[in-house]
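Below you'll find the structure, written out as structure tokens, and then a few comments.
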Amino acid sequence: MLVGIPLEQSNSTIKPKECATEMSEYLVAVADARCKRSFSRVFNYFAPRLRSYALKQMGNEALAMELVQDTMSNVWQKAHLFNAEKGSPSTWIFTIARNIRFDMLRKLQNRKEDVCSDDLWPVLCEQTADLNEAPLDEQVTLEQIGYMFEALPVKQKAVIEAIYIDGKSQQEVANELSIPLGTVKSRTRLALQRLKGMLNDND
Amino acid sequence: MIKFHPSPQQITEFVVGSLTPAVSLLVSAHCDMCEQCQMRIESETESLAADMVLEIEESFDESAQFGDMLSQITQAPSSIESDARTSKETSSFKEKSVTIELDGRAFKLPRTLHRYIDKTGNWSSLVGKLWQAPVDLGNQGVANFIFMGSGGSVPEHTHRGTEYTLVIDGEFSDGLANYDTGDFIFMDGNKTHTPKSDTKEGCLVFSIVDQPLHFTSGLARLLNPFSHLFFR
């Protein structure tokens, strides 16, 4: 148990370096002994800081407080995952808050389970992997486009081939095939319509 | 050797959490493979955490603001036991799905992408030696694993939007540079390129595009009116 630190000590006078050592010891006491007094020191130091950070990021008091509560709850329940050798308490708590904010924002945008913070920053990664699989849309392949292309009427195919594959202009195609430019244009349009139709049927 | 990394700005936005989820996924997967960027992330995280600690209003009345939050929080038990149970249940799952397979070859994926193995659709042949398997990112859109067999090439294209590519296994070149396993590649509308793998083993990449590709030559130009169906 940690003793000898007066409760009334003002948080803002603690220097970052010594503070990191202190806070590490408190977190260890929380992990090992569920020490509420140690947790209250951590809480009193970090909660107001998290709140102003969150307020700046979210611009909303209620959301900011929700972020503080969720973050500090995680600190209390998962203190055993803190490892002083890997980083300072503030870095650990910052990453927890960042992850919660990331997931909160996605929820606000009505996004279902897609990319979650645990994938990106596995700081508290004891979560069950999500096995729900959304059905995938049918994919159209180049091969299928090839078949559809083959299915076009010969005259339309010649025009499409010259324009899209050989990269010729419509005027060049008209000259080569000795047909009016308007005919090239209408064949192109009809062919594309047809391909589109085939693609829709495919769905 | 990894030569292409996320930009300093992308690293910062990733650490802040403001990079889009899909791009974050690629940055994170790159870091799984790149020690140098892991260190960049670490030091960026430390410095942002230090900034956060400095952010406090001097005249802040704690008791009024936080009410009984502290006592509420400390009523909950430690999660150590439930965590142990959860990790036991999921460990067998984690062990078996760290690879994707194509043509009898198994490719080990970076940690970040493990959860997406089950969200990966079937491989389909695009053209020649080019294979594609779509990955469902929920509302974030679709990413693709693309495999370029030896000599396989993506038709020359440019981008209306942006394309992010991570090389998972192998090497390829695109007329602009040569890329190796772990490289993080960012392309936008200013660049036209023709990705191609010349090595015997071919090359597997993970790629995200936010707008359809625009093909600039050959048979692939036929795809342009429909390219939104391929690369969404």
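Bear in mind these aren't lab numbers, they're just calculated from the coordinates by the rules spelled out. The structure presented is a predicted model; accordingly, all values stated were derived computationally and were not measured. FYI the Cβ positions are ideal-geometry reconstructions off the backbone, even for glycines, and counts take in every protein chain you see.
If you find the alpha carbon centre of segment A:71-99 and of segment B:116-180, how far apart are they in angstrom? Comparing the Cα centres of segment A:71-99 and segment B:116-180, I get a distance of 37 Å.
Here segment A:14-112 is assigned +1 on the Cβ of each Lys and Arg and -1 on the Cβ of each Asp and Glu. Its dipole about the Cα centre then comes out at about 300 debye. Modelled spin-label separation between B:SER47 and A:GLU150, with each label point placed 7 Å from Cα along the Cα-to-Cβ direction: 5.9 nm. Across peptide A:40-53, the mean count of Cβ atoms from other chains lying within 10 Å of each residue's own Cβ comes to 5.
The mean number of partner chain beta-carbon atoms within 10 angstrom of a residue's beta-carbon across peptide A:163-171 is 3. Derived scalar couplings between HN and Hα for segment B:97-114 equal 10, 10, 10, 10, 10, 8, 6, x, 9, 9, 10, 6, 9, x, 3, 3, 8, 4 Hz in order, rounded to whole Hz, by the Karplus curve 6.51 cos²θ - 1.76 cosθ + 1.60 (θ = phi - 60°), x for Gly and Pro. In terms of packing, defined here as the mean over residues of other Cβ atoms within 10 angstrom, the peptides A:44-53, B:188-197 line up highest first as A:44-53, B:188-197.
Spin-label pair A:ARG194-B:ASP169: with each label point 7 Å from Cα along the Cα-Cβ axis, the two points sit 4.3 nm from one another. Peptide packing for A:182-195, A:62-75 was compared via the average number of neighbouring C-beta atoms within 10 Å per residue; ordered from the highest value, the list is A:62-75, A:182-195. Between B:VAL16 and B:ASP118, the FRET efficiency from the beta-carbon distance, with R0 = 35 Å, is close to 0.75.
Length gained on full extension, B:GLN72 to B:GLU201, computed as 0.36 nm times the residue gap minus the Cα-Cα distance: 40.7 nm.
How many Cβ atoms of partner chains, on average, are near each residue of B:66-73 if near means within 10 Å of its Cβ? Mind showing how you got there, number by number?
Numbers: counts 9, 1, 0, 7, 9, 2, 4, 15.
If you average over the peptide's residues, the count of other-chain Cβ atoms is 6.
Quick one: which of A:LYS86/B:LYS119; B:LYS3/B:LYS196; A:LYS196/B:LYS108; B:LYS3/B:LYS200; A:LYS107/B:LYS119 span more than 27 angstrom between C-alpha atoms? Flagged as over cut-off: A:LYS86/B:LYS119; A:LYS196/B:LYS108. FRET efficiency for the pair A:LYS86 and B:LEU102, taken as 1/(1 + (r/R0)^6) with r the Cβ-Cβ distance and R0 = 30 Å, rounds to 0.25.
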